[in-house]
Amino acid sequence: MRLVSVDTDGTEQPGAVVAAPDGTDRLLDLAGIAGGLSLAQLLADDTALAAARLAVSGADAATLPRLDDVRLAPPVRPRTILCLGYNYRGHIEGHNEGLVEGDQGGDAAPYPNVFIKTANTIGGPNDPVVMPAAATDVDYEGEIAVVIGRTARNVAEADAMAFVAGYTLFNDVSDRGWQNRSSQWALGKSVDGFGPLGPWIVTTDELPNLGGLQMEVERGGVVTVRASTDAMVYGVAFLVHYLSQVITLQPGDIISTGTPARSVQEQSVHLPLADGETVTIRVTGLGELTTTFVRTDER
């Protein structure tokens, strides 16, 4: 299933995306099935989730409202946002000098490079990213986020996938100036709204794992990243196992699995994002997430 959160006058309720015969995406309201549950809570409730699947299978998509006509909220509002740095072979610290596009070389680090973003960063899939005056070196990173579906604490790697609800797209927006002011990245990664998420969660019954997916990232219509998820260094099951040893993961929390290396041409000249620019993340089976960046003079 593809599951979304819909913002109706400030109230967020779960829904499902159903393809209509004309090829358009339609919205199936799951508020009645959820009974007041958020999407994260629905994902953790086996009975409600089964009812949602049944409703989707019986839906007459042609009679449903168009998804484009509703306002989407972030599919979940995570308590914890854990992100991976340098988790694709060929993406190494130091901006990958000298690499050719698609290079899979380099030794894996002995442990994942994990950093945090804070909850204030999360934005809806159609919300613009507002770049405040203090953020002068804004950058983007297209990533796949793992959505946790049930409480995970000290989970064995062999059991870890049972704790994953599904996957969504995430733009790990950063301000490189703030990021490079110290050895800890939190301030540069945690500017308000610097984490567009969505548009939907694809559940693991539809997409059991991330193997063999193709990712593209476009900046202003130019492809700057093209890679396969097969280049990931650390996979989903290991990450859930590894992180749950020290942090109890709750339903709706996300683990963002890192960004592949950019093309050599894109790496050669670093240009901060400017007012009005767009970035699109596109992954096989997960759809696409397009974000517009806007500049404000407010501090």
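Here, each number is a calculation from the coordinates, and none is a lab measurement. Please read all numbers here as calculations on a predicted model, not as lab measurements. Note that we place each Cβ from the backbone using ideal geometry, even for glycine, and neighbour counts take in every protein chain shown.
Listed values, structure above:
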quantity: In nm, spacing of pseudo-spin labels at VAL246 and ASP275 (7 Å Cα→C-beta vector); calculated: 4.2 nm
quantity: Proximal charge balance of PRO272 [Cβ under 15 Å; K/R count +1, D/E count -1]; calculated: -3
quantity: Computed E for GLU206/THR118 - FRET, C-beta separation, R0 45 angstrom, nearest 0.05; calculated: 0.90
quantity: Relative contact order for the chain, counting Cα pairs under 8 Å that sit 6 or more residues apart, in percent; calculated: 24 percent
quantity: Neighbourhood charge, 13 Å Cβ-Cβ cut-off, centred on ILE201 and excluding it, Lys, Arg +1 and Asp, Glu -1; calculated: -1
quantity: Positive dipole terminus of the chain, leading residue within ALA19, LEU37, VAL269 (C-beta point charges); calculated: LEU37
quantity: Nearest-ten-degree value, helix 46-57 long axis tilted from longest Cα axis of the chain; calculated: 80 degrees
quantity: Within-12-Å neighbourhood charge of GLY149 [Cβ basis; K, R +1; D, E -1]; calculated: -3
